[in-house]
Amino acid sequence: MLRMAERMGRIDSSGIRRIFDLARSMTNPINLSIGQPDFDVPEAVKTAAVAAISEGRNSYTPTQGIEPLRALAQAEELQATGRSYASNEVLVTSGVSGGIFLSLLALVDPGDEVIIPDPYFVMYKHLVTLLGGVPVFLDTYDDGFLVDPDRLAATITARTRLLILNSPANPTGAVLDSARLQAIAAVCQRHGLAVLSDEIYRAFCYRPFDSIARYHDQTLVLAGHSKAYGMTGWRLGYACGPQSWIEAMAMLQQYTFVCAPSVSQYAALACPQVDLGGHIEAYRHKRDLMVEILSQAFTVAEGAGAFYLWVEAPGGLSGSAFVERAIADNILIIPGGVFSERDSHFRICYTVADDVLAEGARRLVALARNG
């Protein structure tokens, strides 16, 4: 009988995946679970992809990514973070997920501690564990789901290797402002702590965006075009940071992903032609619509960015228990225990039509009120 590697016992199946599997067995559910935009890839980007295929740009690219796309990433980072990265400080990755994997593989040894603010994107915990690292969860529930610098400092030990930040955040929608980022950076500098900053949602920010990379040199920024341009299945992201970190990730990419998808890279060169303003305002409206309705019966986190709401389960119920009730009413949401060491909340994704959102919100309110 085939024996599984010991590392497989350190992780379990994604709770999100279980919800998706459940969705396939339901008939026309109100699906508030899928964390991706509901708009299609812009026509300019589609046209660029078709042209790339027609022109034969279907082979491997350099492991680091095509030069024009790395140049585009450099320009985007200068605007978003104020940092001027050299070409050898940029790596095109197979989605931000690919960048997370490569960066942790390059940095984390067995026994190393990685600080992860809780709630967190599900991948962080499991990849750290898979690599033999030790996730150390930094509770943010009593501070608006934001990282408290003093609490961060108290969490650091001699084994701490890395801090993972995600702003705007999945699942809470929390956004770290400049003052807090500077305070976090000061802690990291004092302790010689590197930062992995996952900024894939920064286009969906409903207040001014800032990055810790502006204040802390030992930061690896992970960003990209997949979420913002509705091309999640095209698997395209990039990493910017210290040359030694990028070179290590590039070497690892040679032996894993090889390179990011070629057609996606050429297509992304058309992204600057696209104005996302309408989509961002539409999502701001969707957030406001959901908060207005849900606040009648729930405590809802602010949701200053991304396209998620983090909602406390009512009446002392666990998040999982309330999600079971919602699923029985044909509404798909994600239990908070998937994203947290607590099971007190649930996550809503509001990237569906307004009428569907409103209907789902009203039915959730009714479920809460009817106990």
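Working only within region 216-227, note down all residues that are crowded, with 21+ Cβ neighbours inside 10 Å and assigned to a loop (DSSP other than H, G, I, E, B). It would help to see each step written out before you state the result.
Start the filter on region 216-227 by keeping residues that are crowded, with 21+ Cβ neighbours inside 10 Å, which leaves 216, 219-227.
Scanning region 216-227 gives 216, 225, 226, 227.
Looking at (1) modelled with pLDDT of 80 or more; (2) under 24 Å from the mean Cα position of the chain (by Cα); (3) within 28 Å of residue 352 (Cβ to Cβ), which one does residue 8 not meet, given that it meets all the others?
(3)
Pull up region 234-272, narrow it to residues that are of a type in the set (Ser, Thr, Tyr) and outside any helix (DSSP H, G or I), then point me to the one that is surrounded by the most Cβ atoms within 10 Å (Cβ to Cβ).
Top of the filtered list is 238.
I'd like to know if region 142-156 contains one or more residues that are surrounded by fewer than 19 Cβ atoms within 10 Å (Cβ to Cβ), more than 20 Å from residue 112 (Cβ to Cβ) and in contact (Cβ under 8 Å) with a residue 60 or more places away in the chain.
Yes: one or more hits.
Test residue 291 against the criterion of being of a type outside the set (Lys, Arg) and either assigned to a helix (DSSP H, G or I) or buried (at least 19 other Cβ atoms within 10 Å of the Cβ) (or both), and give yes or no. Quick ask: steps written out before the conclusion?
Numbers: of a type outside the set (Lys, Arg): yes; either assigned to a helix (DSSP H, G or I) or buried (at least 19 other Cβ atoms within 10 Å of the Cβ) (or both): yes.
Taking the combined requirement at face value, the residue satisfies it.
Anything in region 32-73 that is farther than 30 Å from residue 323 by Cα and of a type in the set (S, T, N, Q)? List them, or say none.
47, 54, 58, 59, 61, 63, 64
What's the number of the condition residue 176 fails, among (1) within 28 Å of residue 6 (Cβ to Cβ); (2) of a type in the set (A, V, I, L, M, F, W, C); (3) within 17 Å of the chain's Cα centre (by Cα); (4) at pLDDT 95 or above?
(1)
Under 20 Å from residue 251 (Cα atoms), surrounded by fewer than 21 Cβ atoms within 10 Å (Cβ to Cβ) and modelled with pLDDT of 95 or more: does that describe residue 106?
Here the answer is yes, as residue 106 does meet what is asked.
Search region 62-82 for residues being outside any helix (DSSP H, G or I) and polar (S, T, N, Q), and hand back the single one that is surrounded by the most Cβ atoms within 10 Å (Cβ to Cβ).
64
Can you tell me which residue is modelled with the highest pLDDT among those in region 330-347 that are touching a Pro at 6+ places or on another chain (Cβ under 9 Å) and under 17 Å from residue 362 (Cβ atoms)?
346
Yes/no matrix, rows are residues, columns are (1) among the hydrophobic types (A, V, I, L, M, F, W, C); (2) crowded, with 19+ Cβ neighbours inside 10 Å; (3) within 13 Å of residue 30 (Cα to Cα):
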{"site": "304", "(1), (2), (3)": "yes, yes, no"}
{"site": "308", "(1), (2), (3)": "no, yes, no"}
{"site": "354", "(1), (2), (3)": "no, no, yes"}
{"site": "357", "(1), (2), (3)": "yes, yes, yes"}
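Could you grab me the full set of residues in region 24-61 that are surrounded by 13 or more Cβ atoms within 10 Å (Cβ to Cβ), under 25 Å from the mean Cα position of the chain (by Cα) and closer than 30 Å to residue 346 by Cα?
29, 30, 31, 32, 33, 34, 35, 36, 37, 38, 39, 41
Consider only pairs whose beta carbons are under 8 Å apart and that are at least six residues apart or on different chains; among these, list those whose first residue lies in region 336-348 and is closer than 10 Å to residue 125 by Cα and whose second residue is part of a helix (DSSP H, G or I).
Pairs that qualify, where the first residue is closer than 10 Å to residue 125 by Cα and the partner is part of a helix (DSSP H, G or I), are 339/122.
The values are calculated or read from the model by the stated rules, or taken from the named source; none is laboratory data. Please read all numbers here as calculations on a predicted model, not as lab measurements. Virtual Cβ from ideal backbone geometry, glycine too; neighbours counted across all protein chains shown.
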